[in-house]
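*Asks:* First the structure, which I've put down as structure tokens, then a few questions once you've had a look.
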Amino acid sequence: MKLIISADDLGRSQAVTDNIFSCFNGVLSSTSIMANGDDYDRAIAVFRRDFIHHRLSIHLNLTEGRACLPAEAIPNLVDADGYFRHSFFSLLVAYYRGSPAKRRVISAQVESEIKAQIDKVCREIGNTAGINVDGHQHIHTLPFVFHALLKIGKTLPIDYVRLPREKFFLLFNRSTMFNYLGPNLIKHVLLNFLSSRCARFLRQHSIACNDYFIGVLFTGNMSLASIKKAIAAIKDDNDNMTVEILLHPGGSREDEATYWKKHPGFRAYYLSDNREKERALLQSGELSDLTDAYTAPER
């Protein structure tokens, strides 16, 4: 089994960025950068200077912060100030409740915005080694977003797309009950369904993806116990599997609260104590001991 240990949201804010970079001293092997993040320019510069030997993905984002394109270019995706107006589910509903003409408009705007995000990162790091892609809140698995990505892949060398297909496992006690009774279970089922569909198209286009993923059922509150259980659920399938494990160690600070004035729900997430817990886990000897038995795939 080959493990990719990932942290998302690089570039969202200075504190988020710095907390993620600190985890490269531990088992973290990969990070995903937000091209529209408030700290993007500094984050990409520091990555190129100090961490270029690590793996980098482009974290496609259609739900948080200000878009890369101006509001008049993508009015169905953003408000008048250029901030994304949709969540994962509201974008899904807006598309499928729309007329055929409206769907074409949304698809075109999605393609334009995610291409702008990919182009922005590639201008800094190049694309000769191929491009790794994933999505904020796994937005790239929505069929119309995914097909826009495949169209872009005809002109850009997209080598790898993360798929959030996670095997079900049980770690059930009083503190973990919400993970199985709350929205995470719904996301688990939906994302597995969408990922299976995406995998078929990726094979047709000769684009690589992970075989399994860890980080949906316990998203936002990953622990050593949950990672152990998840690995145990899949480790006997195939020794050559690639498994991506996602944590979110990028905690923010109170003085950065204005970044989320349009998205207060995200503010609570970035300020949660769980961000520090996941950062500590990535820097811990216990997680290192668990992952040392596996190999990291090439960039």
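*Asks:* Taking R0 as 41 Å, what's the FRET efficiency between residue 294 and residue 80 from their Cβ-Cβ distance, rounded to 0.05?
*Replies:* Working: r = 48 Å, r/R0 = 1.18.
Plugging the Cβ-Cβ distance into 1/(1 + (r/R0)^6) gives 0.25.
*Asks:* Follow-up question, since we're still on this one. Quick one: what are the phi-derived ³J(HN,Hα) couplings along region 61-71, Karplus 6.51/-1.76/1.60 with θ = phi - 60°, whole Hz, x for glycine and proline?
*Replies:* Values per residue, Gly and Pro as x: 9, 10, 10, 9, x, 8, 5, 6, 7, x, 4 Hz.
*Asks:* Whole Å is fine, so just give me how far the alpha carbon centre of region 254-272 lies from that of region 205-230.
*Replies:* So the two Cα centres are separated by 25 Å.
*Asks:* If you don't mind, there's one more thing I want to ask. Could you state the number of Å between the C-alpha centres of region 64-137 and region 4-61?
*Replies:* Value for the Cα centre distance between the two parts: 20 Å.
*Asks:* So, one more: Would you mind checking the radius of gyration and Dmax of region 1-148 based on alpha-carbon positions, in Å?
*Replies:* Both quantities, over Cα of region 1-148: 15.7, 50 Å.
*Asks:* Can you say what percent of the DSSP beta bridges in the chain, counting only those with both residues inside, are antiparallel? Round to 5.
*Replies:* Numbers: 2 of 27 bridges.
Roughly 5 percent of the DSSP beta bridges within the chain come out antiparallel.
*Asks:* Let me ask another. Over the Cα atoms of the chain, each weighted equally, I'd like the Debye log10 I(q)/I(0) at q = 0.07, 0.14 Å⁻¹, rounded to two decimals.
*Replies:* Evaluating at q = 0.07, 0.14 Å⁻¹ gives log10 I(q)/I(0) of -0.24, -1.07.
*Asks:* Now, a different point. Which length gain, in nm to one decimal place, applies between residue 172 and residue 25 when the Cα-Cα distance is subtracted from 0.36 nm times their residue separation? Before the final figure, lay out each step's value.
*Replies:* Working: separation 147, 0.36 × 147 = 52.92 nm, distance 3.14 nm.
Going from the current span to full extension adds 49.8 nm.
*Asks:* Amide H of residue 133 versus every other amide H placed in the peptide plane: which residues, excluding those fewer than 5 positions away on the same chain, fall under 5 Å?
*Replies:* Those lying under 5 Å, H to H, from residue 133 are 58, 160, 161, 162.
*Asks:* In deg cm²/dmol, rounded to 500, what helix-only [θ] at 222 nm does the chain give when every DSSP H run of at least 4 residues adds -39500 (n - 2.57) and the total is split over its residues? Write out the running numbers ahead of the final one.
*Replies:* Numbers: 11 runs with 127 residues, N = 299.
The helix-only estimate for the chain comes to -13000 deg cm²/dmol at 222 nm.
*Asks:* Counting other Cβ atoms within 10 Å of each Cβ, which trypsin sites (Lys or Arg not before Pro) in region 76-144 have at most 10 and sit in a DSSP loop?
*Replies:* On the way: sites: 85, 97, 102, 103, 104, 115, 120, 123; in loops: 85, 97.
When the trypsin sites (Lys or Arg not before Pro) of region 76-144 are filtered for loop state and at most 10 Cβ neighbours within 10 Å, 97 remain.
*Asks:* For the chain, how many pairs of lysine residues have a Cα-Cα distance under 21 Å, where the two are 8 or more positions apart or belong to different chains?
*Replies:* Close lysine pairs under the 21 Å cut-off: 18.
*Asks:* Still on this structure, I have one more. In nm, what is the difference between 0.36 nm times the number of residues separating residue 123 and residue 233 and their Cα-Cα distance?
*Replies:* On the way: separation 110, 0.36 × 110 = 39.60 nm, distance 3.99 nm.
The span from residue 123 to residue 233 would gain 35.6 nm if fully extended.
*Asks:* Same structure, new question: Once amide H atoms are built 1.01 Å from N in the peptide plane, which residues 5 or more positions from residue 4, or in another chain, come under 5 Å H to H?
*Replies:* Here 243, 244, 245 satisfy the definition.
We did not get these values from a lab; they are worked out from the coordinates using the rules stated. Every value quoted in this text rests on a predicted model; they were computed, and no experiment measured them. Backbone-built Cβ (ideal geometry, glycine too); neighbour counts: all protein chains shown.
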